[in-house]
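Everything below concerns the one structure shown next.
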Amino acid sequence: MNWRAIQAIYIYEMTRTVRTIWQSVVSPVISTSLYFVVFGTAIGSRIDQVEGVAYGSFIVPGLIMLSVIMQSISNASFGIYFPKFIGTIYELLAAPINFLEIVIGYVGAAATKALIIGLIILATANLFVDIRIEHPVAMVAFLVLTCLSFSLMGFIIGIWAKNFEQLQLVPLLIVTPLVFLGGSFYSITMLPETWQKITLFNPVVYLVSGFRWSFFGMADVALGWSLLAIAGFTGLCLGIIWWIFRTGWRIKA
């Protein structure tokens, strides 16, 4: 394992965050604060509690998941797409490093940045509502796994995209609706029975449910299904990335 190459990629990507601090860190925090103002005031005034949890506190795991998922995808996709765009990816492919080291460098940096954003948003949420975390170890584990899995997805999107428009296509048109419809701001038990069954086909439901369980000890689906869903998604992304580097799809073209 070429740790020096991994370190070089990782440090470069982390340094880019410092250069774009407003876009990378400040903007997500401001957006989350606005969510608290809008949802906490407009909807919170109509919904006092959800399953015994104050609504303002109830939406915290969903807001963190929303930001973490979007940041993971954005950081990883741009991180690998930009070398493709300017042509420096061929230097990586020609260097004495394998695809696993490239993935660890880019995905590790993207996941780290998303994790930092998630923790900052958690701290910001404490300014608005009281938060209790019943299972802190599980909370950190779910947060790390989500950052890693969606950073892998972002890496795939970055390789797939042929222009900057395609880079934003999947996050905006697919991922964002799935997160909003995945129980981020409500419990799926509040839906009619038919819609509850339909919602269970949304993979984000299992992530949000497991993450919310780590906070309040309550979940819309069994914890085992949440763990199975995130493990399966991570394995699928790793398999796709292995196939991409094995075939050179949209890398060597």
Item to check | Residues being more than 18 Å from residue 69 (Cβ to Cβ) and polar (S, T, N, Q) - total across the range 206-244 | outcome: 0
Item to check | Complete set of residues in the range 219-245 that are within 18 Å of residue 201 (Cβ to Cβ) and among the hydroxyl-bearing types (Ser, Thr, Tyr) | outcome: 226
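Would you confirm whether any residue within the range 13-31 is closer than 17 Å to residue 180 by Cα and in a helix (DSSP H, G or I)? Before the answer, list the steps.
Residues of the range 13-31 that are closer than 17 Å to residue 180 by Cα, as a first pass: 28, 31.
Then keep just the ones that are in a helix (DSSP H, G or I); that gives 28, 31.
Among the residues of the range 13-31, at least one is closer than 17 Å to residue 180 by Cα and in a helix (DSSP H, G or I), which makes the answer yes.
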Checklist outcome for this item: All-but-one check, residue 195 against (1) at pLDDT below 95; (2) surrounded by 14 or more Cβ atoms within 10 Å (Cβ to Cβ); (3) among the hydrophobic types (A, V, I, L, M, F, W, C), failing number (2)
Checklist entry - Does the range 8-24 contain any residue that is touching a residue at least 40 places away in the same chain (Cβ under 8 Å), of a type outside the set (A, V, I, L, M) and within 28 Å of residue 189 (Cβ to Cβ)? => result no
Item to check | Conditions (1) out of contact with any helix residue (DSSP H, G or I) (no Cβ under 7 Å at 6 or more places or on another chain); (2) modelled with pLDDT under 90; number of the one not met by residue 129 | outcome: (1)
Checklist outcome for this item: Residue hits (the range 233-253; basic (Lys, Arg) and under 22 Å from residue 85 (Cβ atoms)) are 250, 252
Item to check | Subset of the range 34-49 (residues that are surrounded by 17 or more Cβ atoms within 10 Å (Cβ to Cβ) and touching a residue at least 24 places away in the same chain (Cβ under 8 Å)) | outcome: 35, 36, 39, 40
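On the given criteria, is residue 155 modelled with pLDDT under 95 and under 14 Å from residue 82 (Cα atoms)? If you could, list the steps in order and put the result at the bottom.
Values: modelled with pLDDT under 95: no; under 14 Å from residue 82 (Cα atoms): yes.
Taking the combined requirement at face value, the residue does not satisfy it.
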Checklist outcome for this item: The lone condition residue 164 fails out of (1) buried (at least 20 other Cβ atoms within 10 Å of the Cβ); (2) under 21 Å from residue 78 (Cα atoms) is (1)
Item to check | Total residues in the range 165-185, condition touching a residue at least 40 places away in the same chain (Cβ under 8 Å), over 15 Å from the mean Cα position of the chain (by Cα) and assigned to a helix (DSSP H, G or I) | outcome: 1
Item to check | Residue list for the range 186-206, restricted to those being assigned to a loop (DSSP other than H, G, I, E, B) and touching a residue at least 40 places away in the same chain (Cβ under 8 Å) | outcome: 186, 187
Next on the checklist: Every residue in the range 128-161 that is buried (at least 21 other Cβ atoms within 10 Å of the Cβ) and either free of Cβ contacts under 8 Å to residues at least 60 places away in the same chain or among the polar types (S, T, N, Q) (or both), please.
Outcome noted: 146, 149, 151
Next on the checklist: Which residue is nearest to residue 213 (Cα to Cα), if the candidates are limited to the range 1-33 and must be charged (D, E, K, R) and surrounded by fewer than 16 Cβ atoms within 10 Å (Cβ to Cβ)?
Outcome noted: 19
Checklist entry - From the list 57, 67, which residue is in contact with a Pro (Cβ under 7 Å, 6 or more places away or on another chain) and over 30 Å from residue 1 (Cα atoms)? => result 67
Checklist outcome for this item: Every listed condition ((1) surrounded by 15 or more Cβ atoms within 10 Å (Cβ to Cβ); (2) out of contact with any Leu (no Cβ under 6 Å at 6 or more places or on another chain); (3) aliphatic (A, V, I, L, M)) holds for residue 173 save (1)
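The values are calculated or read from the model by the stated rules, or taken from the named source; none is laboratory data. Everything quoted here is computed from the prediction, not taken from an experiment. As a convention, Cβ positions derive from the backbone with ideal geometry for all residues, glycine included, and neighbour counts pool all protein chains shown.
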